[in-house]
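Notes follow once the structure below has been shown.
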Amino acid sequence: MVLDDAALKKFGFIRREPKDAINIDPLQTGGKLTEEGRQTLLEWGDGYSVCDFCGGVLDLIKKPPVEEFVHNALPEFLNTDEVRVTHGARESKFAVMHSMAKEGDYVVLDELAHYSSYVAAQRAGLNIRTVPHSGSPEYKTDEEGYATVIEDIIRETGKAPALAQVTYPDGSYGNLADVKRISDLCHRYDVPLMVNGAYSVGRMPIDAKKMGADFIVGSGHKSMASSGPIGVLGVKEEYADIVFKKSPTHKKKEIELLGCTVRGAPLMTMIASFPHVVQRTNKWYDEVADARWFSSRLEDLGIMQMGAKPHDHDLMFFEAPVLYEISQTAKKGRYFLYRELKQRNIHGIKSGLTKYFKLSTFQVGRENLMYIADSFEEIIDKHQKTG
């Protein structure tokens, strides 16, 4: 088939809107490229770019400094023994599950685990048991529940689960579980623990060994200022030969990574942004202070933050009966909030949401957060006066 000019005009340069909006989308705040990352994206955007320098093992490329980044900088940053870059957090989780467990084994997840954790386990042919949370309004993971679930599996099957995972923080409410306590409980039964840090690695200080994590997973495009899709996978030394097992036929290639993982622009933007990412983790408690301030301000307007309080993360979930009530009579109904925020150059709350929504304050800054809070107040006042 030959495409005519009219058909081809659908493609070409595609602008992403809104370009300069204040962004509070949890999926995007931590993945915004640095200026160095943007320059690197143009320099290394060609599909073959990094592969030109590869002698057979991607993470051993000396120039550009991939080897230094993967085998020295990232292990030190995460305080873990071995690290690889992957195509994303879900690919990291699958690599661990597939290598550490046999089909039919059990894996323990927290009830608030991201859907990709479930899908990764299902793809590996594993059975899943979940640890419950406390329900509304805090939705805290029952840390002691890991021992209960593990004991139930041992009693029913005669052996311990192959792996346990905790989401840190969970992607719905932004709660940070006590990973060290969970790790201690899991290790009591010789169950290794994986920490899904898609919303923590690159935002806040992470110390895998202090946490007791056997595996640590991160997301470059969510939290490490990378173009993505890209993830990181940290592994404790005693499990490195299992997860990074080499092919018997292609001696240099690691099986779980299919011999080679992410290369080109995603990898190079992660490396370029890394100095900035390290620096911003050192200012994490300023981010927490901003999140708490913003939560308090919205609660004064009748928009209630769900999850743990005082909150310890930038990702937050709100229940807004005042906005939902307005949506019942406002022009455009439940789409009114999205339209009002868009008019004020604020992006990130999904179209059609009013009663419940989540957002992130990460890297937004106090001045912009004040503007956003004032905007919510202005929107409420406007519609209550005209309603």
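Since every read-out is calculated from the coordinates, none of them should be taken as a lab result. In this text the structure is predicted, and so the values were computed from the model without any measurement. We place every Cβ from the backbone using ideal geometry, glycine too, and count neighbours over all the protein chains shown.
Let's test this: bin the Cα-Cα distances of the chain at 10 Å from zero up to the farthest pair and state each bin's percent.
5, 22, 28, 24, 15, 5, 1, 0
Any idea how far apart Ile242 and His187 come out in nm if each label point goes 7 Å out from Cα toward Cβ?
Result for the modelled spin labels: 1.5 nm.
For the chain, what is the calculated [θ] at 222 nm in deg cm²/dmol (nearest 500), taking -39500 (n - 2.57) for each run of four or more DSSP H residues and dividing by its residue count?
Working: 15 runs with 146 residues, N = 387.
The helix contribution divided over the chain gives -11000 deg cm²/dmol.
About its Cα centre, what dipole magnitude does the chain give when the only charges are +1 on Lys and Arg Cβ and -1 on Asp and Glu Cβ, stated in debye to the nearest 20? Walk me through the intermediate numbers first.
Numbers: 49 positive and 54 negative charges, 219 e Å.
Value, rounded to 20: 1060 debye.
Which is farthest toward the positive dipole end of the stretch 35-280 among Ser200, His87, Tyr239, measuring Cα position about the Cα centre, with Cβ charges +1 (Lys, Arg) and -1 (Asp, Glu)?
So the residue furthest toward the plus end is His87.
Could you tell me which of the pairs Lys332/Lys358; Lys93/Lys309; Lys102/Lys253; Lys180/Lys355; Lys283/Lys309 are separated by over 25 angstrom between their Cα atoms in the structure shown? Please report the intermediate quantities before stating the final value.
Values: Lys332/Lys358 21 Å; Lys93/Lys309 29 Å; Lys102/Lys253 21 Å; Lys180/Lys355 35 Å; Lys283/Lys309 20 Å.
Exceeds cut-off: Lys93/Lys309; Lys180/Lys355.
So how far apart, in nm, are the two label points at Asp207 and Glu111 if each is 7 Å from Cα heading toward Cβ?
With each label point 7 Å from Cα toward Cβ, the separation is 3.2 nm.
By DSSP, what percent of the beta bridges with both residues in the chain are antiparallel, rounded to the nearest 5? All intermediate terms of the calculation are to be shown ahead of the outcome.
Working: 20 of 37 bridges.
The antiparallel proportion sits near 55 percent.
I'd like to know which of Gly125, Gly104, His221 lies farthest towards the positive end of the charge dipole of the chain, counting +1 on Cβ of Lys and Arg and -1 on Cβ of Asp and Glu.
It is His221, whose Cα lies furthest towards the positive end.
When the Kirkwood hydrodynamic radius is evaluated over all pairs of different C-alpha atoms of the stretch 6-102, what value in angstrom, to one decimal, is obtained?
Values: mean 1/r = 0.0583 Å⁻¹.
One decimal place: 17.2 Å for the Kirkwood radius.
Given 20 °C and 1.002 mPa s, compute D for the stretch 295-371 with the Stokes-Einstein relation, Rh being the Kirkwood radius over Cα pairs; round to the nearest whole µm²/s. Mind showing how you got there, number by number?
Values: Rh = 13.1 Å.
After rounding, the answer is 164 µm²/s.
Restricting attention to the stretch 255-301, which trypsin sites (Lys or Arg not before Pro) occupy a DSSP loop and are surrounded by at most 14 other Cβ atoms within 10 Å? Don't jump to the answer; show the numbers that get you there.
On the way: sites: Arg263, Arg280, Lys283, Arg292, Arg297; in loops: Arg263, Lys283.
Loop-located and lightly packed - Lys283.
In the stretch 117-178, which GluC sites (Glu not before Pro) are in a loop and have at most 14 other Cβ atoms within 10 Å, using DSSP for the loop call? Before the final figure, lay out the partial values.
Details: sites: Glu138, Glu143, Glu144, Glu151, Glu156; in loops: Glu138, Glu143, Glu144.
Hits after loop and neighbour filter: Glu138, Glu144.
State, to one decimal in nm, how far the label point of Cys54 lies from the label point of Arg155, with both points 7 Å from Cα in the Cβ direction.
So the label points at Cys54 and Arg155 sit 5.0 nm apart.
Positive end of the charge dipole of the stretch 35-280 (Lys, Arg +1 and Asp, Glu -1 on Cβ, about the Cα centre): tell me which of Gly145, Gly55, Val278 has its Cα farthest that way.
After comparing all options, I get Gly55.
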